[in-house]
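What follows is a single structure, written as structure tokens, with notes after it.
The values are calculated or read from the model by the stated rules, or taken from the named source; none is laboratory data. Here the structure is a predicted model, which is why all the values come from computation and not from measurement. Glycine also receives a Cβ, built like all others from the backbone with ideal geometry; neighbour counts cover every protein chain displayed.
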Amino acid sequence: MGVAKKELFTKEQNQIAAIAKALSHPARIAIVQALLKSDACVCGYLVEQTGLAQSTTSQHLKELKNAGIIKGSVEGVNVCYCIDEKNWNKYKQLFNKFFAAFENTDKQCC
């Protein structure tokens, strides 16, 4: 099995890949969308929104948190999750720059 040679790529390329990987599951997209619609959520609410088991939802939340897309705080027996606004804006700029690199001209392609 090959070794990922992240050092061959720029910091920005590695960041975009890490964010894309964290968002690469439809359940994680659903979780992010649910969090974008509300101020904060507890895991139980997100379980209802996704229709997945609590343990599966928690695993997806862990991946999103590790990527810095969301953050969470413990409130008694509940954990409240929300979008990490600082990182969200940084990631938004990274993806905007990435997608803006393509200038749609009248060039003929494939």
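Below, the figures for the structure above:
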| item | result |
| --- | --- |
| When residues of region 49-64 are limited to those that are buried (at least 17 other Cβ atoms within 10 Å of the Cβ) and not β-branched (Val, Ile, Thr), the one farthest from residue 30 (Cα to Cα) | 63 |
| Subset of region 7-45 (residues that are among the aliphatic types (A, V, I, L, M), in contact with a strand residue (DSSP E or B) (Cβ under 6 Å, 6 or more places away or on another chain) and farther than 16 Å from residue 68 by Cβ) | 40, 42 |
| Scope region 65-107; condition closer than 14 Å to residue 41 by Cα and among the hydrophobic types (A, V, I, L, M, F, W, C); matching residues | 70, 74, 77, 79, 80, 82, 83 |
| Selected residue [closer than 25 Å to residue 101 by Cα, at pLDDT 90 or above, surrounded by 15 or more Cβ atoms within 10 Å (Cβ to Cβ) and of a type in the set (Gly, Ala, Ser)] from 22, 34 | 22 |
| Output for region 1-47, where each listed residue is within 20 Å of residue 72 (Cα to Cα) and either touching a Gly at 6+ places or on another chain (Cβ under 7 Å) or of a type in the set (Phe, Trp, Tyr) (or both) | 45 |
| Selected residue (criterion: surrounded by the fewest Cβ atoms within 10 Å (Cβ to Cβ)) from residues of region 1-19 that are under 19 Å from residue 89 (Cα atoms) and free of Cβ contacts under 8 Å to residues at least 12 places away in the same chain | 11 |
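One line per residue, one yes/no per condition, for (1) without any contact (Cβ under 8 Å) to a residue 40 or more places away in the chain; (2) farther than 22 Å from residue 17 by Cβ:
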site: 29; (1), (2): yes, no
site: 42; (1), (2): yes, yes
site: 45; (1), (2): yes, yes
site: 49; (1), (2): yes, yes
site: 59; (1), (2): yes, no
site: 64; (1), (2): no, no
site: 81; (1), (2): no, yes
